Structures are given as structure tokens and as C-alpha cells.
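**Q** Just dropping this structure here.
Read the figures in this text as sums done on the coordinates, not as results from a lab. Because the structure is predicted, anything quoted here is derived from the model rather than measured. Counting neighbours? That spans all protein chains shown, and the Cβs are built from the backbone with ideal geometry, glycine included.
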Amino acid sequence: MGLFDKLFGEFVDVIEWTDDTNDTMVYRFERYGNEIKYGAKLTVREGQAAVFVNEGEVADVLSPGMYELETRNLPVLSTALSWDHAFNSPFKAEVYFISTRRFVDLKWGTKNPLMMRDAEFGAARVRAFGTYAIKVSDPLKFMREIVGTDGNFRVDEISNQLRNLITSRFSSAVGACGIPVLDMAANYEQLGDVIIDRIAPEFGEYGLELTRLLVENISVPPAVEEALDKRTSAGMVGNLDKYMQYQTGLALEAGAENPGGAAGAGIGMGAGLAMGHQMANSMQPGAPAQIATDVPSAALPPPLPTAKKYHLAVDGEAVGPIEIASLEAHLADGSLTRETLVWAAGMDDWAAAAEQPDLAELFTRRTPPPLPRG
């Protein structure tokens, strides 16, 4: 550096830092030979702290404000006349500006799936990622433990270490909390608070504060996600028998709209097979009778007719009910004649047997007389 650079540095008496980046944590104010003029003005803005180092030793940590520095460096005239030191003052001073604002939207995530025990699925592998925010809480400790003499320290120089620390503690927290995989989405905030409490002391060892940690997602491998999707779909379908009946009804409706097409024939065949399978199941012993409510009633056969039964008035008492096929025995023993009063379901009152069309045939039949005995 030439003579003019040295003289320019000697006459610059305002020391300040205006940060135009979003990731610079520490900036060292550059001066020729680290020389600071006697009475220089040091301006520390809000969101900053200044560490003043004189002759390699921290002299003070300055909070926001304006300060007049009285250093051991020689005044301008004395330095200009100090030809024996070749314009290099033997007394050195440095000013490090440290940003104390929050650094947000820093990423963290698991490089490999975490193995954990789940009450519902047994062994499970999960991945997780999110964001976190930090700030410098102790500028002096941060300088001594992390920065050292780095004159331009950025967030990415320490973010990998912090990310690994968060991931490690997250693994321990998830393994110890006992929250089922399917319930983790409802406990993201709780997990974030647990991790902050666990690793706050470790961040404090670096002079940093973990102000916020967000768990954005906890996921399982794709194969497990596919199995869960199938399980969810089956649960949404509900009763498979009713679902099959519904699908059969839709198929019949679609086939009716296009009866001549090949698609309609195929749909009708599939619907017929489904209905046959359902009817076969319903006719098994112990199986409840089920009829698809969405199948038109015209497609089903009518019920079989039942035999009509009569009650007979015999000696002032009602005997029956007796099927017509069994009345011949009563006709033979004389308990049933043309004048015998009878009644059956659907009749308003008792009436003579000869007046009933379905009984009249009994009295017109010609049967041989009984064989003689002996």
C-alpha cells in the first residue's frame, strides 16, 4: 500500500459499517495497518455490536451508539514524522462489527431416514426438514469461539455445524417422545419447542441463541406412503358390498343408455356376473337375504304362489287351517260336505263349501266305493 493510502487512512476518522447483505455476521473495519486516529468517531447502529481490539486484546464490547476513541496510536503529525517506523505505527487496533439481528429461514433436514419404533406400524423410517432462526447473543464469546480473526464471517460458515446439531437432537427427541407417525403432523409445534429446549445450551456455547425452529414436514418412504394411500382409499369406500351394488347399478344404467354397443354388452355381462355372485352369497345357509335396491324390480321373478288353506266348522268348532289337498280325508270321513261351513283368508264370513269354486271340484269327483271287508 502506498503513501497516499496510508495518509488517507490516517485522516478517515469515522468508523462505521452499513451492511448491504443478508448473511454477513461479522465484518472487520479495514484500516491501513489497523491504525486508528486519536479521537476517531465509532458509530454502532441498532442491530450491531462492536468489539474493539487493541494490540491483539479485546478492549471493550460496544453496544449501539456513537463513541470517541482514544487509542494508543500516534496522532497524524507524529505518525507523519515517524520516518523511523516507515509510516507503520507500533500500536495496532481493530474494530469488528457483529450483526445481532436475527438470521432467518435457515434450512435443516435429515440426510438419511431416521429409524424409530411406532406403536401402529412397528419399525418405521422417517425423514424431516424445516427452518430455524438464530442471532448472536454474546458477541465476545462468538468472536472467541467461532470467528477468531476472520474479517468477513458469513452464516454459511457455521450453518452446516448448526444443521448437524439440530438433526442429531431431533432424532433423539422423536425417538423419546413416543408420538405415532400418523399423529406427528399435529405435533410439529411441540417437537420444535422440545428441540429448542434441548439444544439451547449448546448454541449458547457458541455465543448464539436459537430463536425459532420450525418442523415443516415429517415423511415416510414412498413405498409406505403408497400403502397408506391404499389403506385410506379402502377406508373411504366403507362397506364393499354396498359399493359393489352401487357400481352394478351404474353399470346397468350405462348399458341401458347404449344397449347395442360392445361396451354396453360388456357392462351388462359384468353386472350380471356381479348380481349372480351376490345372489349366490345371499342364498348360503345363515346368510341374510339381500336384494340390490338399485336393480329394477322388473328384472326379478315374482314370488311363488302359496297353497290356500281352509278352516272347517265341525261340531260347532273351527278345525284348520287345512290345505285343499288334505281335505279329501275329511270328505271321506263325512266331516266335509257340501253344506259344511268353511272359511279362508280373504273371505268376509263363513260360507258353504259347495259355494267355493276351488272346493267344488272335490264334490264332483267320482271315486270308487270302499272295498268290502271280510
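**Q** Amide H to amide H, which residues 5 or more places from Ile322 or on other chains are under 5 Å from it, using H placed in the peptide plane?
**A** Under 5 Å from the amide H of Ile322: Tyr310, His311.
**Q** Which far-off residues, 5 or more places away or on another chain, put their amide H under 5 Å from the one on Val314, with H placed in the peptide plane?
**A** Amide H to amide H, under 5 Å and 5 or more residues apart or across chains, Val314 pairs with Val319.
**Q** Determine which residues of the stretch 203-222 fall in the zone a paramagnetic label at Lys141 would reach in this model, i.e. backbone nitrogen under 12 Å from the point 7 Å along Cα→Cβ.
**A** 203-210
**Q** Identify all aspartates and glutamates with a Cα-Cα distance to Lys41 below 14 Å; exclude those on the same chain that are fewer than 8 residues away in sequence.
**A** Straight-distance partners of Lys41: Glu10, Asp13, Glu16, Glu68, Glu70, Glu94.
**Q** Here's a follow-up. What FRET efficiency would be calculated for the residue pair Lys41, Asn160, taking the C-beta separation as r and a Förster radius of 41 Å, to the nearest 0.05?
**A** Plugging the Cβ-Cβ distance into 1/(1 + (r/R0)^6) gives 0.60.
**Q** Can I ask one more? Let a ≥ b ≥ c be the square roots of the eigenvalues of the Cα gyration tensor of the stretch 309-364; is it rounded (a/c under 1.5), or, if not, prolate (a/b larger than b/c) or oblate?
**A** The shape class here is rounded.
**Q** Which cross-chain or sequence-distant (5 or more) residues have an amide H under 5 Å from the amide H of Phe121, H modelled 1.01 Å from N in plane?
**A** Excluding prolines and chain starts, which carry no amide H, there are no hits.
**Q** For the stretch 317-332, just list the computed ³J(HN,Hα) in residue order, Karplus coefficients 6.51, -1.76 and 1.60, θ = phi - 60°, integers in Hz, with x standing in for Gly and Pro.
**A** Ordered by residue, 3J(HN,Hα) equals 10, 8, 10, x, x, 10, 5, 4, 5, 9, 6, 4, 5, 6, 5, 6 Hz.
**Q** Between Ala332 and Leu214, what is 0.36 nm times their sequence separation minus the Cα-Cα distance? Round to one decimal in nm.
**A** This chain segment gains 32.6 nm when fully extended.
**Q** Assuming R0 = 41 Å, can you tell me the calculated FRET efficiency for the pair Phe129 and Met66, based on Cβ-Cβ distance, to the nearest 0.05?
**A** 0.40
**Q** Label 7 Å along Cα→Cβ of Glu205; the stretch 154-191 residues with amide nitrogen under 15 Å?
**A** Backbone N within reach: 161-169.
**Q** Considering the dipole of the stretch 103-220 built from charges on the beta carbon (Lys and Arg +1, Asp and Glu -1) around the Cα centre, which of Leu140, Gln161, Ala176 is farthest to its positive end?
**A** Gln161
**Q** In nm, give the distance between the simple-model label positions of Lys308 and Ala119, each being 7 Å from the Cα along the Cα-to-Cβ direction.
**A** In this crude spin-label approximation the distance works out to 7.0 nm.
**Q** Continuing with this model, one more query. So if each residue of separation counts as 0.36 nm, and I subtract the Cα-Cα distance between Asp241 and Asp150, what length gain in nm does that give? Mind dumping the intermediate values first?
**A** Details: separation 91, 0.36 × 91 = 32.76 nm, distance 7.27 nm.
This chain segment gains 25.5 nm when fully extended.
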